[in-house]
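What follows is one structure encoded as structure tokens, with my remarks underneath.
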Amino acid sequence: MADHLKRGRPDADRAEDDRRVRASVEAALADIEARGDAAVREMSQRFDRYDPESFRLSASEIEALIAELSPRELADIRFAQKQVRRFAQAQRDSMLDIEVETMPGIVLGHRNIPVQSVGCYVPGGKFPMVASAHMSVLTAAVAGVPRIVGCSPAVNGRPNAAVVAAMHMGGAHEIHMLGGIQAVGAMALGTETIEPVHMLVGPGNAFVAEAKRQLFGRVGIDLFAGPTETLVIADETVDAEMCATDLLGQAEHGPDSPAVLLTTSRRLAEATLAEVERILAILPTPHARQAWADYGEVIVCADHDEMLREAERIASEHVQVMTDRDDWYLEHMTAYGAMFLGPRTNVANGDKVIGTNHTLPTKKAGRYTGGLWVGKFLKTHSYQRITSDEAAAEIGAYGSRLSMLEGFVGHAEQCNLRVRRYGGVNVPYGEGAPHRDAAE
């Protein structure tokens, strides 16, 4: 049985946190729906200390902000976007429209159609998440979305130049300096100055994730992407410094970011606990210590089979695998956001530059969905076409009888009309079409 050397906060405490967040978000969204721009402006003043004449940046403002960046910074953004675009385009190319004749005269197909407007949230409260612009805005552009709206909060009372540059270079058609609930609420519900979108995407804190959850149905969403989670699966092929660094590197996202170590080695587990404390003493980002105190876990398992069971139970957003059988985990794990295989690989590269998307499922959502990718911005719509009288009569007869089997007389009559018109068989109203052999 798995041995917990360190546990995080009890589930009951976490549930109470969630309840408080739900109530706050519900009230804020109701206010935005009722008062529009006035509510959004008050929230921006309160939470971001930002009160511009217009939250939407003009072309000249965007150009001025981009000009603040050094050539090296712009080149690095371009490099990261090139990697993300390359992988997203490969994914898009794999999604084909199809048309097939399933039987003589029966033609079926589907088309992949982009969502027509998307709101992309780029976090920026604690850290300006430049990479999130690549993951959402650029990926939507590769999918062919015709209206892409980017929202990100002002940092210290002004727009962050790197975030704005990344959204603009990624293909955003509108850029608004708004954060948190007011950003996703304005994009989804619409205000006097912001036309509502059809879909919301992007990561965020617990309030952003809850706002997306409450807005789902009125708009589409990518997934429930709340506070960052990381799971390190390790055996004695790696050392404590590697494990502790990978745990705390993700814990610095926020004070509620779970970081969990699964290992078959008690020696490695104890050494990692000590190494975590050494690194925390020098790590300048303050959230990592609170996240580790409240949400850090160290679990010692008997063998790899038990580690796999625990990993499936946890269903973490990020899974860093550093063992003597990394591909075995890739083959057998089913519930996670993204996997990072081997000690040369790390979650930070996935977050920033390697090319896969970093907007991933949290809170066990990896059991039923993957992360954001180009396919999330595409809707697969089917169509049907019947090209011969014979096919119309034949498929209509089956449809008629199957409708009557379910008691749908009106449905049956839709089919019967085609049987009469194109097959020359008179079917009385309220009866199923005769079988072909019976008709003959």
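Under 13 Å from the Cβ of Q45, count the other residues' Cβ atoms, weight Lys and Arg +1, Asp and Glu -1, and hand me the total. Result for the neighbourhood of Q45: -1. Take every pair of alpha-carbon atoms less than 8 Å apart whose residues are at least six positions apart; their mean separation over the length of the chain yields a relative contact order of 18 percent. Could you work out the relative contact order of region 393-440? I mean the mean sequence separation of Cα pairs under 8 Å and 6+ apart, divided by the number of residues, in percent. In percent, rounded to a whole number, it is 42.
These residues, W328, W373, W292, go from largest to smallest accessible area, 1.4 Å probe, as W373, W328, W292. Largest first, the three principal axis extents of the alpha carbons in the chain are 87, 61, 43 Å in whole numbers. Measuring between alpha carbons in the structure, the pairs from K126/K364; K82/K363; K6/K212 lying more than 28 angstrom apart are K82/K363; K6/K212.
Summing +1 for each Lys or Arg and -1 for each Asp or Glu among the other residues whose beta-carbon sits under 14 angstrom from that of V163 gives -2. So what's the gap between the Cα centers of region 195-228 and region 28-57, to the nearest angstrom? Taking the Cα centre of region 28-57 as reference, the centre of region 195-228 is 18 Å away.
Element breakdown for the chain at a 1.4 angstrom probe: carbon and sulfur atoms account for 52% of the accessible area.
Within a straight-line Cα-Cα reach of under 13 Å, K352 can be paired with the following aspartates and glutamates, leaving aside sequence neighbours fewer than 8 residues apart in one chain: D76.
Summed over the residues of the chain and divided among them, the accessible surface reaches 47 Å² per residue at a probe radius of 1.4 Å.
For the chain, with a Gaussian network of springs between Cα atoms less than 10 Å apart, report the residue from E394, E275, E241 with the top mean-square fluctuation. Between E394, E275, E241, it is E394 that shows the largest mean-square fluctuation. Largest first, the residues S136, S388 sort by 1.4 Å accessible area into S388, S136.
Measuring nothing but alpha carbons in region 16-102 and taking Rh as the Kirkwood radius, the Rg to Rh ratio lands at 1.19.
Please compute the net charge surrounding V374, taking Lys and Arg as +1 and Asp and Glu as -1 over other residues with Cβ under 14 Å from its Cβ. Taking every other residue near V374 into account, the sum is +3. Counting only Cβ charges, +1 for Lys and Arg and -1 for Asp and Glu, the dipole size of region 300-440 around its Cα centre is about 680 debye.
The values are calculated or read from the model by the stated rules, or taken from the named source; none is laboratory data. Owing to the predicted nature of the structure, the values given are computational and were not obtained by experimental measurement. When we count neighbours, we look across all protein chains shown, and the Cβ atoms used for this are built from the backbone with ideal geometry, even at glycine. We work out accessible area using only protein heavy atoms, side chains counted, and drop any ligands, DNA or RNA first. Shrake-Rupley method; radii C 1.70, N 1.55, O 1.52, S 1.80 Å.
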